[in-house]
Amino acid sequence: MHSLLSLFLAAGLLHTVAGHGGVSNYTVGDTWYRGYNPSEPEAEQDGQPWLINRKWTSIDPIFQPSNHSISCNTPGTPAVSSIPIQAGENITAIYYWWLHNVGPMITWMADCEGPCEKFDSSTGKWFKIWQEGLLSGGVVEGWWWQRNFQNWEGDGECVWPVTIPKDLKPGNYLIRHEIIALHIANKPQWYPECAHLKVSGNGTKVPGEEYLASLPGVWTLDQPEINIDIYSPEWYNRTDYPIPGPPVWKGD
Ligand SMILES: [Cu+2]
């Protein structure tokens with residue numbers, strides 16, 4: 001065991017074996033925004049004027065959906081700056097790698113109701129702007145969007161583009177990318193990261209109550225699609241996976 005570990009270390013494979021991760025950077029158009037990097041020293045990143053996403057110090061998953069960290073990871077300290085973006089534009093989240101392949105991926109937003117630097121993400125009224133789950137085949141061996149994502153490694157990066165709803169009211173928002181990994185029976189893993197956005201445009205729309213959720217709150221270990229054993233006879237060959245939580249808000 002010990003020699004196997006040193007072999008992995010020597011080969012630089014330990015990261016691959018650990019297999020976790022999160023959002024490293026973001027792009028809007030041709031502009032690249034550097035994100036917090038948990039593998040670099042905190043002192044070199046804390047309070048930096050370029051910092052546009054909330055601090056996350058570990059690539060490890062969150063296992064408890066009631067944990068405050070479920071909203072914007074640990075510690076989730078606010079960013080200093082925001083990414084400017086127009087409603088209707090795309091923002092792409094970039095991951096250096098991703099190795100899991102079962103479970104839904106969801107992008108959420110929440111109105112900071114003022115400067116995001118002062119906003120407690122666990123009080124947010126979150127709404128989904130995008131989600132994908134099982135695309136085809138069965139739950140265990142089928143194609144999840146997450147499996148596609150894992151394979152999009154053009155330059156050693158996995159990219160996740162979403163569009164900000166074009167009629168969204170301008171303002172300061174958090175954008176939250178969440179991967180829920182379900183490959184271990186009855187041990188769901190959450191990987192959330194949040195960035196600060198300054199949304200411009202002429203929109204006037206906001207999502208209604210039926211689209212809003214709390215984090216923590218929306219996920220519990222009582223949900224059959226969350227506390228799931230994908231290898232059980234009940235799920236193994238199922239070709240539908242209903243993504244729990246509110247519906248996606250399309251901006252109308
Ligand atoms: Cu992992």
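Values quoted throughout were computed directly from the atomic coordinates according to the rules given, and no laboratory measurement underlies them. Note that the structure is predicted; figures quoted are calculated from it, not measured. All Cβ positions, glycine included, derive from the backbone under ideal geometry; neighbour counts span all protein chains shown.
Per-structure values
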| quantity | calculated |
| --- | --- |
| For the stretch 213-252 and the stretch 43-103, distance of Cα centres in Å | 22 |
| Packing-based exposure ordering (other Cβ within 10 Å, fewest first) of Thr220, Thr204, Thr57 | Thr204, Thr220, Thr57 |
| Order of Val206, Val199 under a 10 Å beta carbon neighbour criterion, fewest first | Val206, Val199 |
| Burial ordering of Arg147, Arg34, fewest other beta-carbon atoms within 10 Å first | Arg34, Arg147 |
| Nearby lysines by direct alpha-carbon distance to Lys125 (threshold 21 angstrom, same-chain neighbours under 8 apart not counted) | Lys55, Lys166, Lys169, Lys198, Lys205, Lys250 |
| Simple label model, 7 Å out from Cα along Cβ direction - Asn37 to Thr239, nm | 4.5 |
| Sequence ranges 115-128, 229-242, ranked by mean other-Cβ count within 10 angstrom, highest first | 115-128, 229-242 |
| Around Asn90: net Lys/Arg minus Asp/Glu count, Cβ-Cβ under 13 Å | -1 |
| Those Cys residues of the chain for which no other cysteine Cβ falls under 4.7 Å | Cys158 |
| By average C-beta atoms within 10 angstrom, highest first, the peptides 106-113, 75-82, 189-196 | 189-196, 106-113, 75-82 |
| Kirkwood hydrodynamic radius over Cα pairs of the chain, then Stokes diffusion coefficient at 37 °C and 0.692 mPa s, in µm²/s | 175 |
